[in-house]
1. Out of the residues in segment 103-146 meeting the condition of being modelled with pLDDT under 60 and hydrophobic (A, V, I, L, M, F, W, C), tell me which one is surrounded by the most Cβ atoms within 10 Å (Cβ to Cβ).
2. Can you tell me which of (1) assigned to a loop (DSSP other than H, G, I, E, B); (2) at pLDDT below 90 is the one Pro80 doesn't meet?
3. Only one of (1) without any contact (Cβ under 8 Å) to a residue 60 or more places away in the chain; (2) touching a helix residue (DSSP H, G or I) at 6+ places or on another chain (Cβ under 9 Å); (3) within 16 Å of Pro5 (Cβ to Cβ) is not met by Arg129, so which one is it?
4. Yes or no: Ala58 closer than 14 Å to Leu119 by Cα, in a loop (DSSP other than H, G, I, E, B) and modelled with pLDDT of 90 or more?
5. One residue is enough: does segment 62-72 have a residue meeting the conditions of a type in the set (D, E, K, R), touching a Gly at 6+ places or on another chain (Cβ under 8 Å) and either part of a strand (DSSP E or B) or modelled with pLDDT of 90 or more (or both)?
6. Exactly one of these conditions fails for Ala109: (1) touching a residue at least 24 places away in the same chain (Cβ under 8 Å); (2) of a type outside the set (Phe, Trp, Tyr); (3) within 18 Å of Arg8 (Cβ to Cβ). Give me its number.
Amino acid sequence: MGQRPCARSAHFSVHYLPPPQLSTAPAQPGPVPVDDAIGVTPDDGSLRLGLVVPKRHARRSVTRTLIKRQLRERLRERLPDLPAGEWVLRLRAPIDRKAYPSAQSDTLAVSLRDELRTLLADAVRRLRRGVGNGSARPSRTDGAAA
């Protein structure tokens, strides 16, 4: 996470690091790695996933578990579109306990699902355009000025 996120929203940021392309490395046929958290093998190489959900932003363990589950489910949906490499999704802003008084509510799940779908679609779009390599400013999907 030493580089800029390729996309971010009101609560989350996405960091992407492409796999190293070494011209001297021999091509090694073998099994394609599987990300156990997602449970699916990507078609075009290895995909590694990191989830960062700090306790300071989601105090209740039930809420943190809900967030991680939503992150994994949204990644499963976008798996065919994601390029190989290392992906880190990070909760960067607190979940408002006043807006979602229940630790695990349907309204929180729906809100997270919508925000994560928009965020991942934006990240994939930016990577396809070649903007998400850390050199450009990330877009904001929460409507705030950067």
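The values are calculated or read from the model by the stated rules, or taken from the named source; none is laboratory data. Quick caveat, the model's predicted, so the values are computed rather than measured. All Cβ positions, even for glycine, are placed from backbone atoms using ideal geometry, and neighbour counts span all protein chains on display.
1. Val131
2. So Pro80 meets the others, but not (1).
3. (2)
4. Criteria not met by Ala58.
5. No, segment 62-72 contains no residue that is of a type in the set (D, E, K, R), touching a Gly at 6+ places or on another chain (Cβ under 8 Å) and either part of a strand (DSSP E or B) or modelled with pLDDT of 90 or more (or both).
6. That leaves (3) as the condition not met.
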